[in-house]
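Inspection log for the structure reproduced underneath, given as structure tokens.
The values are calculated or read from the model by the stated rules, or taken from the named source; none is laboratory data. Every value quoted in this text rests on a predicted model; they were computed, and no experiment measured them. Reconstructed Cβ throughout: ideal geometry from the backbone, glycine too, with neighbour counts over all protein chains shown.
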Amino acid sequence: MITVGIDLGTQRIKTVVLKDGAAIARAQAFAGFDPTKAAEQTVQEALTSANLKLSDVAAFIATGSAMEMAPYNAGTVSMMGADAKAGVYLFPKARTIIDVGAEEARAVKCDEKGVMTDFVVNERCAAGAGAFIEAMARALEVKLEEMGPLALKAERASPINASCVIFGESDVVSLIHRQESKPEIARAVFDAMADRISSMMHRLGINPEVVLVGGVAKDEGFVASLNRKLGLTVLIPEYPDYVGALGAALIAATRAKEGAK
Amino acid sequence: MKKPSTVKGLEYWRWQEYQRIMPNMKWSSKDIITAGVDVGSVGSKAAIMINGQAYSWGITRTGSNSPESASKALNFALQGTGLKASDLKYIVGTGYGRVNVPMANKAITEIACHAKGANYIWGPSVRTVLDVGGQDIKAIRIDETGKVVSFLMNDKCAAGTGRGMEVFADLLQIPIEDIGDISLKVEKEPEPVSCTCVAFAKTEAMGLLRKGWSKEKVLAAYTRAMAVRMANLINRVGLERELVITGGQSKNIGVVSRIEIILGVKTLPMPRWRDDSGLDPMVAGAYGAALFAKALYEKAQKA
């Protein structure tokens, strides 16, 4: 059975094609001004790479902040539900999933079946999400992907107001004027985010094993800071940014089976 | 002087620094001359008082160095008064940079100073003070003597603060001193922007501009969202009349009038009972600090 999961995030759309319980194709695109069209493109691209057609798909499930704009009359699942499902699929012992995206961060607790039992969300504040790293990279005048490697070179972190992007930007500018080193500023940015994520997790209670997903999980600077802060090594899947879409595709398969009965 | 066009866009946030000396006030060496220096994150304010009455004050922009900003503000307040720093019997420092006011005899929190200053400006009927500063918002309940009863604070977030307003002034290319009036130039109040986070609100505002919204309408939607946030803080601390607003945003008519509508109460206008006062609510913390300075000086003399 073929199912498709589409994760319509604030910045990017991710699509996963699932065949008999295994992910066989992926594609992503910028959400842009027309998330529906961008989602269609990712689905077409992923299906084509797997030599499949739209008519082969048994079910579509969408997730993500723009899930209601999904094409193909896709059903929906909450982002927390999708994270929990995929987290336990990828790491069967995992009971806590942290998802750090461009504009939102979530910590999800789940049971052994991958059913979400509790969650905490950081929303409507850019300081706890990928947007913070982007803003600080702009202020530091380095590329986003340079931030992680820079931070790893630092022994310590510079003092910055890390609880607000707006104040953080001003602080970074004055630190640059004082000729503080860029690696130390970059590390401060990741340490600050790790602080926020870890306080979210403490509200939820940390149950090892902890899985880190979402686009920001690809940033080694953030991962190092988070591991240091939590005092453990978070598990990161091969395609952390596709986890929401994978969860949606897995749930699509479950629902299609139930529907067939 | 005409500024080169390349930097023009960076200057919309810049508000006027100014100094004022009250007319018809005399001083002699027998008077208790005190000063309050309020080093805020955005503005540094200093007030000179003679026997507990405001004589002069100055407002300057805070630089990256707190001690320098404190001296700059104090010297600005002293300018043209004939007073020297050595004539000051006691100085109290307050504000976010209060531990870095080198000339101060003592530091007192800005919450206590704003409470005292609001009581001084408006009199004993004030019970709730909303202080909107450069980087935080405080709702303070006070008694008839200006003493703090309780307070709530929103810090570490730019939403609703003066800094957040500066970001919007820059984004919309409207001088900061005009944004209040301009935000009221809408026929119908639009829905507030949905994001309170300034970083996200910026993105949302750019989207609205692209959709063809006027600057006035975008500013109204943002100001509304910020006013809702401030009104919520006041409600959480418990609104008791009379209500006054201090700090830089007390000058933003767009914010003040919306808070009044949301809460259904009028804020106190500038008082008439103190003739020719012209006291500035942005200087409330410095007035309060100068009053504490007088009380502390008198206490030290008795001891």
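What to note about this one:
- Only listed residue being of a type in the set (S, T, Y) and at pLDDT below 90, chosen from B:S194, B:S183: B:S194
- Only residues that are at the interface with chain B (Cβ under 9 Å from one of its Cβ atoms) and either assigned to a helix (DSSP H, G or I) or charged (D, E, K, R) (or both) were counted in segment A:139-168, giving 3.
- Of the strands (runs of 3 or more DSSP E) entirely within segment A:1-112, those holding at least 2 residues that are in contact with a helix residue (DSSP H, G or I) (Cβ under 7 Å, 6 or more places away or on another chain) and not assigned by TED's automatic domain parsing to the domain that holds A:D219 occupy A:2-8, A:12-19, A:22-30, A:57-63.
- Those residues of segment A:222-247 which are in a helix (DSSP H, G or I) and either among the basic types (K, R) or more than 18 Å from A:M136 (Cβ to Cβ) (or both), in sequence order: A:N227, A:R228, A:K229, A:L230, A:P240, A:D241, A:Y242, A:V243, A:G244, A:A245, A:L246, A:G247
- Unmet requirement for A:A253, which otherwise passes all of (1) part of a helix (DSSP H, G or I); (2) modelled with pLDDT of 95 or more; (3) closer than 23 Å to A:T10 by Cβ: (3)
- Boolean, A:A129 is closer than 19 Å to B:K156 by Cβ and of a type in the set (G, A, S): yes
- A:A84 among the small types (G, A, S) and within 14 Å of chain B (Cβ to nearest Cβ): no
- Some residue of segment A:228-250 being among the charged types (D, E, K, R) and closer than 30 Å to B:N65 by Cα: no
- Scanning segment B:41-71 for residues that are within 14 Å of chain A (Cβ to nearest Cβ) and in a strand (DSSP E or B) returns a single hit, B:R61.
- Subset tally (residues that are touching a helix residue (DSSP H, G or I) at 6+ places or on another chain (Cβ under 6 Å) and modelled with pLDDT of 95 or more) for segment B:268-303: 6
- Residue in segment B:72-86 that is surrounded by the most Cβ atoms within 10 Å (Cβ to Cβ), counting only those that are part of a helix (DSSP H, G or I) and not hydrophobic (A, V, I, L, M, F, W, C): B:K72
- All of (1) closer than 28 Å to B:C157 by Cβ; (2) not aromatic (F, W, Y); (3) not in a strand (DSSP E or B) hold for A:L212 with one exception: (3).
- Scan of segment A:225-240 for residues that are out of contact with any strand residue (DSSP E or B) (no Cβ under 6 Å at 6 or more places or on another chain) and surrounded by 18 or more Cβ atoms within 10 Å (Cβ to Cβ), ordered by number: A:S225, A:L226, A:K229, A:L230, A:P237, A:Y239
- Of the residues making up segment A:87-128, just one is within 14 Å of chain B (Cβ to nearest Cβ) and within 19 Å of A:L232 (Cβ to Cβ), namely A:A105.
- Members of segment A:15-30 that are over 21 Å from A:A126 (Cβ atoms) and in contact with a Lys or Arg (Cβ under 9 Å, 6 or more places away or on another chain): A:T15, A:V16, A:V17, A:A25, A:R26, A:A27, A:Q28, A:A29
- Residue in segment A:138-158 that is buried (at least 24 other Cβ atoms within 10 Å of the Cβ) and over 24 Å from the mean Cα position of the chain (by Cα) present: no
- In segment A:172-187, the qualifying residues are those that are assigned to a helix (DSSP H, G or I) and modelled with pLDDT under 90, and the one that is nearest to the other protein chains (Cβ to nearest Cβ) is A:S174.
- Qualifying positions in segment B:35-79 - of a type in the set (G, A, S) and more than 18 Å from the chain's Cα centre (by Cα): B:G52, B:S64, B:S71
- Where helices (runs of 4 or more DSSP H) fall wholly inside segment B:129-211, the ranges with 2 or more residues that are within 11 Å of chain A (Cβ to nearest Cβ) and buried (at least 16 other Cβ atoms within 10 Å of the Cβ) are B:162-172, B:198-210.
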